[in-house]
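Reviewing the structure listed below.
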Amino acid sequence: MNRRLFLQAGGITTLSGVFPAALTADTASTVIDVTAQPGQTNIVGPDFPATDVWGFNGEVPGTPIRLRLGQSVDATIHNALEVPTAVHWHGIRLPNAMDGVAGLTQPAIAPGESFHYQFTPPDSGTYWYHSHVNAYEQIGRGLYGPLIIDETTPPVVDRDLTWMIDDWRLLDDASISGDFGNGHDRSHAGRIGNVPTVNGRFRDVVKVRTGERIRLRLINASNARNFSLSFGDLKPSVIAIDGQSVTPYVTDETIVIGAAGRVDLILDMTGDPGSKMPVVDNFYRQSYDLTQFVYEQSPLRDQPLDSAINLPPSLIPEPDLANATAHVVTIAGGAMGGLQRAKLDGEWMSLRKVAQQGYVWAINDVVGNKLRMPPLIDTKQGSSIILTIRNETAFPHPMHLHGHHMKLLSIDGKALSEPRWVDSPLVMPRQTMKFAFVADNPGEWLFHCHALEHHAAGLGALVKIS
Ligand code: C2O
Ligand code: CU
């Protein structure tokens, strides 16, 4: 792994890092035209050449899509790449045919072709859209963007900021390392890069004003890097996780955000005018400054606002725990995982044999080597499911269920004081998490690890609802 670039580029750079205007409309439907295409962007700073990327409208992050709750999305995605693609709307409870999983819910969009997605998001909150074809390469090259559904009456803030955080593996000339999906990444922690970015910029600064109230929407678009962010002496209030509101709580602990996860924070900027404050990530052994707040000289106000910050309650249906069907899902395999044998295409074989075909993970002993497989869970529409996920591996896995949110009830047998809705929970090594949800959305839905190399190496399954 090339750490040199990351460590060399010492100074914090000052790039604007500002999104292009969001695609919004004030009508019942938001009509969107987005092209997946090659582009160029300066990730590392002025001392380095621009990086060739793939982006939605050529940008990284891609053009933000923003609408109000109740509006429908009417999106035409054009493919101007030389490879097929498709777009998944991560975390949105939408009809199966709109889910964007090429090979399962639609054919891939061939080069030069387009696909029309139409749905009405049923929930407000912070989501994202990304490629779902060879995702470990296409997301790794930049094919993702924010998808924000505004509440009818959002809490009052001075600024609503989105940070798509990512992690690039760049060579010394700032070009993207082409070693996507290599054996080491597949069997270990996934593709962990050497250049962590906020909105496509390495070590950018964020200008703020004393007294300002910011809603910060964090979206982790990394292939596999998880983050544990500390905001110095600011005390962030968590108001939403994976798009769904939580009873706001103030924390001075780090904010953990696994790959594909989202966290909405309210930050009251209490630092002194002219001061600086780094945002530090310490998920892995080497902690570093992800970005830095720089306070302007003139304060915005003396006392932070004290108006309400709570979001409207989630609209997701409550599972019926008394009548739910229980499923236990065990994740095994990977380096140092001790898995001896697993089933591939219905046949038991040694992990060695499995690994020769590029797969190293299994769910309940079954290798997810295809999208279309006998389902892990096959259930009737409307049934309540209790899902226990046990991670028996040496690595964390951000497990994503398409088309649904799951209510996280307990961790390692300890009940949460306030169960919360999630769509991409980060299950740590040796951890057991228990969830419940209503299987209310018919179709065949992917359930997979969002460490994208893990998914490619077999950590995936299907949940079928009919
Ligand atoms: Cu965010 Cu299967 O994807
Ligand atoms: Cu994983």
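Given charges of +1 on the Cβ of Lys and Arg and -1 on the Cβ of Asp and Glu, with all other atoms neutral, how large is the dipole of the range 208-363 about its Cα centre, in debye to the nearest 20?
I would put it at about 720 debye.
For residue 291, enumerate residues with amide H under 5 Å from its amide H, sequence gap 5+ or separate chain, H modeled in the peptide plane.
279
What ³J(HN,Hα) values, in whole Hz, does the Karplus curve 6.51 cos²θ - 1.76 cosθ + 1.60 give for the range 149-163 when θ = phi - 60°, with x put for Gly and Pro?
10, 6, 5, 4, 10, x, x, 6, 9, 6, 8, 10, 10, 10, 10
Quick one: ranking 384, 314 by accessible area, 1.4 Å probe, largest first, what do you get?
Sorted descending by solvent-accessible area, the residues read 314, 384.
Need the full-extension length gain, residue 380 to residue 179, defined as separation in residues times 0.36 nm minus the C-alpha distance. One decimal, nm.
Extra length available between residue 380 and residue 179 comes to 68.2 nm.
Restricting to the chain, what percent of DSSP beta bridges are antiparallel, rounded to 5?
Here the share of antiparallel DSSP bridges comes out near 70 percent.
Enumerate the lysines that residue 434 could reach by cross-link, defined here as Cα to Cα under 23 Å, with residues fewer than 8 away along the same chain left out.
Here the lysines satisfying the reach criterion relative to residue 434 are 380, 407, 414, 464.
Efficiency by 1/(1 + (r/R0)^6): what FRET value for residue 82 and residue 50, r their Cβ-Cβ distance, R0 = 22 Å, to the nearest 0.05?
0.65
Compute the signed sum of charges (Lys and Arg +1, Asp and Glu -1) over the other residues within less than 12 Å, Cβ to Cβ, of residue 432.
Values: positive: 390, 414, 430, 434; negative: 392, 412.
Neighbourhood net charge equals +2.
Sort 348, 54 by accessible area with a 1.4 Å probe, largest first.
Descending accessible area places them as 348, 54.
Given the Cα-Cα distance of residue 345 and residue 28 and 0.36 nm per residue of separation, how much length would full extension add, in nm?
Separation in residues times 0.36 nm, less the Cα-Cα distance, equals 109.5 nm.
How many Å² of accessible area per residue for the chain, probe 1.4 Å?
Per-residue value: 38 Å².
Which residue, 157, 426, 457, has the largest displacement toward the positive end of the dipole of the chain when charges sit on each Cβ (Lys, Arg +1; Asp, Glu -1)?
Of the candidates, 457 comes out farthest on the positive side.
Which of the three applies to the range 140-270, rounded, prolate or oblate, going by the alpha-carbon gyration tensor with a ≥ b ≥ c and a/c under 1.5 meaning rounded?
prolate
As a test question: what accessible area, to the nearest 10 Å², does residue 412 have when a 1.4 Å probe is rolled over all protein chains in place?
Here the accessible area works out near 100 Å².
For residue 359, which sequence-distant residues (separation of 5 or more, or a different chain) have an amide H within less than 5 Å of its own amide H, given hydrogens modelled in the peptide plane?
Here the answer is none, since no amide H 5 or more places off falls under 5 Å of that of residue 359.
Assigning unit charges at the beta carbon (Lys, Arg +1; Asp, Glu -1) and nothing else, what dipole magnitude in debye, to the nearest 20, does the chain show about its Cα centre?
1040
Rounded to the nearest percent, how much of the accessible area of the chain (1.4 Å probe, protein heavy atoms only) is carbon and sulfur? Write down the numbers at each step before the final one.
Values: 9000 of 17890 Å².
It is 50 percent, rounded to a whole number.
Separation of the range 145-224 and the range 321-349 by C-alpha centroid, Å?
Taking the Cα centre of each part, the range 145-224 and the range 321-349 sit 31 Å apart.
Specify which residue in the list 288, 98, 65 is farthest towards the positive end of the charge dipole of the chain, using unit charges on the beta carbon of Lys, Arg (+1) and Asp, Glu (-1), about the Cα centre.
So the residue we want is 288.
In whole Hz and in residue order, list the ³J(HN,Hα) couplings for the range 104-112 that follow from phi through the Karplus curve 6.51 cos²θ - 1.76 cosθ + 1.60, θ = phi - 60°; x for Gly and Pro.
The phi angles translate into 10, 10, 6, x, 4, 7, 5, x, x Hz.
P(r) for the chain, please, calculated from all Cα pair distances in 20 Å bins and given in %.
Going out from 0 Å in 20 Å bins, the chain shows 25, 60, 14, 0 percent.
The values are calculated or read from the model by the stated rules, or taken from the named source; none is laboratory data. Keep in mind the model is a prediction, meaning the values are calculated, not measured. Quick reminder, even Gly has a Cβ in these numbers, built from the backbone with ideal geometry, and neighbours come from all protein chains shown. Ligands, DNA and RNA are stripped out before the accessible areas are found, and what is left, the full protein with its side chains, is counted by its heavy atoms. Shrake-Rupley method; radii C 1.70, N 1.55, O 1.52, S 1.80 Å.
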